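Comments concern the structure below.
Computed from the coordinates by the stated procedures, all read-outs in this text should not be read as laboratory data. Nothing here was measured: the structure is a model prediction, and the numbers come from that model. Cβ atoms come from the backbone with ideal geometry, glycine included; neighbour counts cover every protein chain shown.
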Amino acid sequence: MPHRRDAERGDVKGMVDLEGETMVFLKVRPGNVERAVKDLRKNASVRMVQPTLGPHDLVVRGNFRDDAALRAFVKEVEAKDYADGCEALPSFRQWVREKELEMPLVGWTLIQARDPTAAMKGLQNIAAVNRIYEVPGQFNLVASVHARDAPQLMETMTREIHKLEGVRRTETLMGPREPENR
């Protein structure tokens, strides 16, 4: 859980430390995805940049020390001529499978759940799910779902994720699996 920095440590009052990774969903102006990926990968806080199909063009996973660093990153990205919109979702809690699947396709699934804790537990039992983030906003979970192809991803979504207790709705951004930056 994020927490306030100690004034005793000399940190700026009111900053919130971020624990775990933050998901950033980015819309990119046409013809600029490759340039955006190359540029974003240069940032030391960025762990992964993945092109996707869907309402956002890129998914960025990063580690930002506090909310000020995240806001600065978002402001910097939004000022780029390739950016057409950006949404940052810091995680309150996250889960990562010990031995992650290495399938060629990844679906970043945004999930609206009545009970995020129960849905997160259910997602952990689905073999294709590698990562889960509890985030603020319209969707309260983001899951990384791996598959060998689009039909297998669709099967996991309809036969497993949509049937979880409390899942109200999902939206999936699909793209090729990308290597970690670091």
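Test of understanding: ordering M103, M120 by Cβ neighbours within 10 Å, fewest first, what list do you get?
M103, M120
Mind jotting down the three principal axis lengths of the chain based on Cα atoms? Whole angstrom, largest first.
Cα extents, longest axis first: 50, 40, 29 Å.
With springs only between Cα atoms under 10 Å, which of P51, P104, P90 fluctuates most in a Gaussian network model of the chain?
So, out of P51, P104, P90, the one fluctuating most is P104.
How much of the pair distance distribution for the range 38-97 lies past 20 Å, counting alpha-carbon pairs only, in percent?
25 percent
Which residue, Q138, Q94, Q112, tops the fluctuation ranking in a GNM of the chain built on C-alpha contacts under 10 Å?
Largest GNM mean-square fluctuation: Q138.
Name the most mobile residue of T156, T52, T22, meaning the one with the largest mean-square fluctuation, in a Gaussian network model of the chain with Cα contacts below 10 Å.
It is T156.
With a cut-off of 8 Å between alpha carbons and a minimum separation of six or more residues, what is the relative contact order of the chain in percent?
24 percent
Calculate the spin-label point distance for D115 paired with R97, positioning each point 7 Å from the Cα along the beta-carbon direction, and give it in nanometres.
So the two model labels end up 2.4 nm from each other.
By average Cβ neighbour count within 10 Å, what is the ranking of 39-48, 123-132 from highest down?
123-132, 39-48
Suppose every K and R has +1 on its Cβ and every D and E has -1 on its Cβ; what is the size of the dipole of the chain about the Cα centre, in Debye to the nearest 20?
With Lys and Arg at +1 and Asp and Glu at -1, about 20 debye.
Give the dimensionless ratio obtained when the Cα radius of gyration of the range 93-176 is divided by 2.2 N^0.38 Å.
0.97
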